[in-house]
Structure formats: C-alpha cells, structure tokens
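The values are calculated or read from the model by the stated rules, or taken from the named source; none is laboratory data. Just so it is clear, the model here is predicted, and its values are computed rather than measured. Here the Cβ positions follow ideal geometry from the backbone for every residue, glycine too, while neighbour counts run over all protein chains shown. The area values use the complete protein model at the heavy-atom level, side chains included, leaving out ligands, DNA and RNA. Shrake-Rupley method; radii C 1.70, N 1.55, O 1.52, S 1.80 Å.
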Amino acid sequence: MNQLVEKISQLFDEQGAHTYGENITQTEHAVQCAELAVRASESDDLVTAALLHDIGHLLVTTDVAFGNYKHDAVGADYLAGFFPESVTEPIRLHAQAKRYLCSTESSYLTDLSAASLDSLQHQGGLMNEVEQQQFMQQPFARQAIKLRRWDDEGKVDELSKRRFDHYLPYLNNCINSDLKSDTGNDYE
C-alpha cells in the first residue's frame, strides 16, 4: 500500500474518534459519506472525496466543539499534491456547496444540524445571486453539491459499519500515478 494512504489511515486511527458537534465520530462520518457515494455508484475519485472531505478537521483543529471552519481548504490543500482535482476540488468546495444549497433551497437551511448552522455563519453565510452563479461556474460544483448532500446524510448511526480501511482501495486507485508505488517518501 502507498505510504500516503497508510499515513491517512493512521491519521484517522489516531484522530478519528473525535467529534465536531455531531453525534458521530469523524471516522464514522467519513465512512458513512463514502458508503453513500458507493451506493450512488460514483467514481473512485468521488468516493475518495467523500471519505476524506473532512480531513482538515483532523489536521488543524481550531474550535473544540465544531472543528475547523476552514477545514475544506485545509484538507484540499493537504491532499492537492497527491490526488487529482476530481478529488480535491469537491472537498475544497463542499462548504461553499452548503452556502449555495442554503441559498437556493429553503428546506435545506431548516434541516441543517446545529454544527452545520454554526459553521455556515463562519463560512460566509447565505450566497447572493452573483455568488450563486459564480459557484455554479466552478468546474467541480456539481460534485461538491453531491458531496455536501452526503455530508448531511452521513451523520446517522447504523448507516455503515464498515471500517475505514475498507475504502482504502478507492484512495489507492485515484492517487496520482507517479505516487502509486511510492513506499518511501515522508508525507508531512
């Protein structure tokens, strides 16, 4: 297995038991989101994005109750050298996708969890029409919206009892080709 994938797995083993304002752990949430992507027959890249979308919470914690409000950018930046944009950009855009959905679907805002409502304010609040149009012009906006919906749905006990390691083949399949066989680099 690739050393980066092992490092990511270890990070979830060590930090994934933490919560961030939801009733499940980071690892449970990651697994549930990945499982939802698998059930939707999505690509390996989007399954990987679903699994890793909140890795920024594990890398840099700024709020004990709700995690890192910039976790989307932190996670995408960390993964950018190792995975294609089809993985990292939906991660980078998933908080903006929440802003978009809250602005365009009235029921979406009312269904958000307390943690998501809190972070919405720190991530820019509702989008105006110009911001909505700009968001939808982003190359991976539609994938980010799918990811965001799984993010909301992936907070339910019993959705998936699979282990995090079950999804590592998806990561291995979409890691940048020049890193696939790398077993010796240090990925700090």
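Rundown of residues vs (1) among the polar types (S, T, N, Q); (2) at pLDDT 95 or above, yes/no style:
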| residue | (1), (2) |
| --- | --- |
| ASP63 | no, no |
| GLY81 | no, no |
| VAL87 | no, yes |
| TYR100 | no, yes |
| SER113 | yes, no |
| VAL130 | no, yes |
| GLN133 | yes, yes |
| PHE140 | no, yes |
| ALA144 | no, yes |
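Does the range 13-27 hold any residues that are open to solvent by 10 Å² or more (accessible area, probe 1.4 Å) and touching a residue at least 60 places away in the same chain (Cβ under 8 Å), and which are they?
ASP13, TYR20, GLY21, GLU22, ASN23, THR27
Are there any pairs with C-beta distances below 6 angstrom linking a residue in the range 111-137 that is touching a residue at least 40 places away in the same chain (Cβ under 8 Å) to a residue that is in a helix (DSSP H, G or I), with the two at least 6 apart or on different chains, and if so which?
What qualifies is GLN123/ALA95; PHE135/GLN96; PHE135/TYR100; PHE135/ALA141.
Look at the range 156-167 and say how many of its residues are outside any helix (DSSP H, G or I), in contact (Cβ under 8 Å) with a residue 60 or more places away in the chain and surrounded by fewer than 18 Cβ atoms within 10 Å (Cβ to Cβ).
4
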